[in-house]
Amino acid sequence: MAMYRPDLLFIEMTKACDYSCLHCRASSIRFPSRNDLGMKDINEIINSIGNIAEVTGRAPHVVLTGGDPLMSPSFIDTVSALSDSSVGFSVSPAVTEKLNTDMLSFLMDKGMNSMSISLDGQPEIHDEIRKCNGLFRETLFAMSTIKDFGIKLQINSTVMKRNLMDFPFILKILREYQIRTWEIFFLIATGRGKGEKPISSLEGEDFLKYLLHVEASGTAIRTVEAPEYRRIKQMAMEGFPMIGGDIFRELIRRSEDTNITGLLRAKTYPTNGKRIKTAFISSNGDVSVSGLFNLKLGSIRETPLQSILEDNEILMNIESGDMFRGKCGRCRYRKICGGSRARAFSEKNDYLESDSLCVYSPEINEDVIAI
Ligand code: SF4
């Protein structure tokens, strides 16, 4: 029996949110639905987490997300149930008046591990994406309040054509607020994100090299739907030059008031960590690998979660990489990178196909000798 044990289990409490962001993968709606996950579903999920822990020796860490999870009528009871069951959890809320000091105290009392909020660029861009003036300022205020509570805070940013050059600006804020972890989502054409322009593969390669320098200077980077970052790290360790093209140089130039510019020639690149495995339960109970990868694996309203994750052919194919097609199938980095299965699925309707974000060519690049 092969059990897929996610490191992170995302639970989309509801698709309801006060905002309707241009890149929202959930295509958020204004109000909660009667079909949203309720306590019967949550208790079954917690039961399955216990069973997964029994089989694999470790429980997945739960991330409560949305929409805005704080808009779910079941949110408070869910947090209490997770706390009572000693399941580790984090919360990813929207910045609204519901994210107030009473809520932060409650979450701290219940043992929340960490919180993540989104920041997508300079004030105009951040507010434009959310169609809400003044939200950038409120986000900075929320960051201060969360930090004052002693809560571990992570910033999430989605990279797209419209905000690519704003990342040095976001980095500066992370440094000011002493935020150590930056999770960067690479746009997938799903939900409202279909209307946004993704960055090109050349821009992506330069951006990933830039992120390597950011990480080398002390900010932990997690990429979502850009596993090529692991290939970049591996290539850095193999001695390939990590200086990119025009976009890379401009990003570095704009970052000159942070401390990353001195690292360009240093061999202090971060080493490859462990690949993080995820599973996602949507607000209607459907299970997939992630919120950006809409290939349904089952529904917790029909089958217990641990049974969906057990001996699952799709999950085994993704894990092994042996069935990948196109250049991902021929690539020597496929075990550590593997390409974004979500992007292959959204663009080619085939989760085993190659990832269009990647510029690496197994046939050409493998003849290049590392320095
Ligand atoms: S070809 Fe595929 S597996 Fe290889 S580095 Fe690119 S995305 Fe990753």
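The values are calculated or read from the model by the stated rules, or taken from the named source; none is laboratory data. All values derive from a computational prediction rather than experimental measurement. All Cβ positions, glycine included, derive from the backbone under ideal geometry; neighbour counts span all protein chains shown. Heads up: the accessible areas ignore ligands, DNA and RNA and are worked out on the full protein's heavy atoms, side chains in. Shrake-Rupley method; radii C 1.70, N 1.55, O 1.52, S 1.80 Å.
Heavy atoms only, probe 1.4 angstrom, no DNA, RNA or ligands counted: give me 316, 165 ranked by accessible area, highest first.
These residues rank, largest area first, as 316, 165.
Using amide H atoms built 1.01 Å from N in the peptide plane, name the residues 5+ places from residue 185, or on other chains, whose amide H lies under 5 Å from its own.
The answer is 157, 158, 159, 224.
Mind ranking 33, 80, 299 by accessible surface for me, highest first, 1.4 Å probe?
If we order 33, 80, 299 from most to least accessible, we get 33, 80, 299.
Amide H neighbours of residue 63 under 5 Å, counting only residues 5+ apart in sequence or on other chains, H built in-plane at 1.01 Å?
Amide H neighbours of residue 63: 9, 10, 11, 90.
Could you order 40, 161 by accessible surface area, starting with the largest, using a probe radius of 1.4 Å?
Result of the area sort, largest leading: 40, 161.
Quick one: which of 194/296; 194/327; 110/233 span more than 30 angstrom between C-alpha atoms?
The answer is 110/233.
Under the Karplus relation 6.51 cos²θ - 1.76 cosθ + 1.60, θ = phi - 60°, what is the ordered set of whole-Hz ³J(HN,Hα) values for the range 330-335, x standing for Gly and Pro?
Taking θ as phi minus 60°, the curve returns 9, 8, 6, 9, 5, 6 Hz for the range 330-335.
On the protein heavy atoms, probe 1.4 angstrom, tell me the percent of accessible surface of the range 117-156 carried by carbon and sulfur.
Looking at the range 117-156 in its full context, I get 50 percent from C and S.
Putting +1 on Lys and Arg Cβ atoms and -1 on Asp and Glu Cβ atoms, find which of 312, 329, 153 reaches farthest to the positive end of the dipole of the chain.
Of the candidates, 329 comes out farthest on the positive side.
Whole-Hz ³J(HN,Hα) for each residue in the range 215-227, computed from phi via Karplus 6.51 cos²θ - 1.76 cosθ + 1.60 with θ = phi - 60°, x for glycine and proline: what do you get?
Going residue by residue, I get 5, 5, 9, x, 9, 5, 10, 10, 9, 10, 6, 8, x Hz, with x marking Gly and Pro.
For residue 152, what accessible surface area do you get with a 1.4 Å probe? Give it in Å², rounded to 10.
130 Å²
Do the sum for the chain: with -39,500 (n - 2.57) for every DSSP H run of n ≥ 4, divided by all residues, what is the mean residue ellipticity at 222 nm, to the nearest 500 deg cm²/dmol?
-10500 deg cm²/dmol
Evaluate the charge dipole of the chain about its Cα centre and quote only its size in Debye, nearest 20, assuming +1 on the Cβ of each Lys and Arg and -1 on the Cβ of each Asp and Glu.
Here the size comes out at about 540 debye.
Where only protein heavy atoms count, and the probe is 1.4 Å, what is the accessible area per residue for the range 8-263 in Å²?
Result: 41 Å² of accessible area for each residue.
Suppose every Lys and Arg Cβ carries +1 and every Asp and Glu Cβ carries -1, with no other charges. What dipole size does the range 1-130 come out with about its Cα centre, to the nearest 20 debye?
320 debye
Determine the gain in length on full extension of the stretch residue 39-residue 137; use 0.36 nm per residue of separation and subtract their C-alpha separation, reporting nm with one decimal.
31.8 nm
Which net charge results for the neighbourhood of residue 154, defined as the other residues with beta-carbon distances under 10 angstrom from its beta-carbon, given Lys and Arg at +1 and Asp and Glu at -1?
Spelling it out: positives minus negatives among the neighbours equals +2.
Need the list of lysines near residue 197 for cross-linking: C-alpha distance under 19 angstrom, and skip anything on the same chain fewer than eight residues off.
Within the straight-line limit of under 19 Å, residue 197 reaches these lysines: 131, 161, 348.
Between the range 1-54 and the range 62-80, how far is it from one alpha carbon centroid to the other, in angstrom?
9 Å
Enumerate the aspartates and glutamates that residue 147 could reach by cross-link, defined here as Cα to Cα under 13 Å, with residues fewer than 8 away along the same chain left out.
Within the straight-line cut-off, residue 147 pairs with 176.
Looking at the chain, send over the antiparallel percent of its DSSP beta bridges, to the nearest 5.
Taking every DSSP beta bridge within the chain, about 15 percent pair in antiparallel fashion.
May I ask you to evaluate 6.51 cos²θ - 1.76 cosθ + 1.60, the Karplus curve with θ = phi - 60°, for each residue of the range 338-352 and list the ³J(HN,Hα) values in order in whole Hz, giving x for glycine and proline?
x, x, 7, 5, 5, 5, 4, 5, 6, 8, 10, 6, 9, 5, 8
Once the piece of chain linking residue 2 and residue 295 is laid out straight, how much longer is it, given 0.36 nm per residue of separation minus the C-alpha distance between them?
Using 0.36 nm per residue and subtracting the Cα-Cα distance, I get 103.5 nm.
If I model the range 8-263 as equal point scatterers sitting on the Cα atoms and use the Debye formula, what is log10 I(q)/I(0) at q = 0.14, 0.15, 0.18 Å⁻¹?
Here the Debye-derived log intensity ratios amount to -1.01, -1.14, -1.46.
Once fully extended, how much extra length lies between residue 249 and residue 234, figured as 0.36 nm per residue of separation less the alpha-carbon to alpha-carbon distance?
The residue 249-residue 234 span can extend by a further 3.3 nm.
Taking DSSP loops as anything outside H, G, I, E and B, show the longest stretch in the chain free of GluC sites (Glu not before Pro) there with at most 15 other beta carbons within 10 Å.
Here the longest run is 98-237.
How large is the accessible surface of residue 56 in square angstrom, using a 1.4 angstrom probe and rounding to the nearest 10?
Counting only protein heavy atoms, residue 56 exposes about 50 Å² to solvent.
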